[in-house]
Amino acid sequence: DAGITQSPRHKVTETGTPVTLRCHQTENHRYMYWYRQDPGHGLRLIHYSYGVKDTDKGEVSDGYSVSRSKTEDFLLTLESATSSQTSVYFCAISERSLSGANVLTFGAGSRLTVL
Amino acid sequence: AQTVTQSQPEMSVQEAETVTLSCTYDTSENNYYLFWYKQPPSRQMILVIRQEAYKQQNATENRFSVNFQKAAKSFSLKISDSQLGDTAMYFCASGPSRDQFYFGTGTSLTVIP
């Protein structure tokens, strides 16, 4: 996960509390993504960003919000955590180029447990 | 939205043998990419191989190769000379489509000594 770090790596919280996960990149990539991974579902897109202050919803965005005030940081917030949001969260970055990079590079993941 | 389907939740292979993981996808894009990612027990997502849809030649990376059938929207991964370190979850993915990448549900591969 060179160039991309997630924090915290592990968190246990209680239902109803707010939680923020941070993704930081040093690659200056334009695109940043938040996925959640659950058994039997693979990786599902929560939100993504295509530039500073430019974000859009993914497949499973309900209950989540994001912010991107700087190119290098993409924050995922659970305003009021629920047990259904217990999951492993992955941040990923990507860039578009004619040479065809178009590859998702992932962070190490953040395991969130909501009690 | 695009869909990516991996119909084999679990597979096993003897060490040194060859195994093929299946993946089908659906897209309306004319230009797109297909990927196989490996997730070992460490949880890190590692890119195994990438295929550009406009290239007819199948991609290869050492022991890993793909069989890309564009008309059938099929993208299988062949692992030759399987090693114990190949034991992992494997995810097929496609994109970008409207800036998004789509993943299958994964195939858990176990290499048996």
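For A:Asp38 and B:Ser74, a Förster radius of 22 Å and the Cβ-Cβ distance give a FRET efficiency of 0.30, rounded to the nearest 0.05.
Here the extension length gained between B:Asn30 and B:Phe64 equals 9.7 nm, from 0.36 nm per residue of separation less the Cα-Cα distance. Where both bridge residues fall in the protein assembly as shown, DSSP classifies roughly 90% of the beta bridges as antiparallel. Tell me which of B:Ile112, B:Ile46, B:Ser28 sits at the most positive position along the dipole axis of chain B, charges placed on C-beta atoms (Lys, Arg +1; Asp, Glu -1). Toward the positive end, the furthest listed residue is B:Ser28.
Spatial offset of the range B:74-104 relative to the range A:38-115 amounts to 19 Å, using the alpha carbon center of each. For the protein assembly as shown, the pair-distance distribution built from all alpha carbon pairs, in bins 10 Å wide starting at 0, is 8, 33, 35, 19, 5, 0 percent.
In angstrom, the C-alpha Rg and Dmax of chain B are 13.5, 43. For A:Thr13 and B:Ser7, what is the calculated FRET efficiency with R₀ set at 30 Å and r taken between the beta-carbons, to the nearest 0.05? About 0.25, to the nearest 0.05. At full extension, A:Leu115 and A:Thr71 could sit 12.5 nm farther apart than now, given 0.36 nm per residue minus the alpha carbon distance. If only the Cβ of Lys and Arg carry +1 and only the Cβ of Asp and Glu carry -1, the dipole of chain B around its Cα centre is close to 240 debye.
Every number here is computed from the coordinates shown, using simple stated rules; none is lab data. In this text, all values refer to a predicted model and were calculated from it rather than measured experimentally. Here the Cβ is made from the backbone with ideal geometry for all residues, glycine too, and neighbour counts use every protein chain on show.
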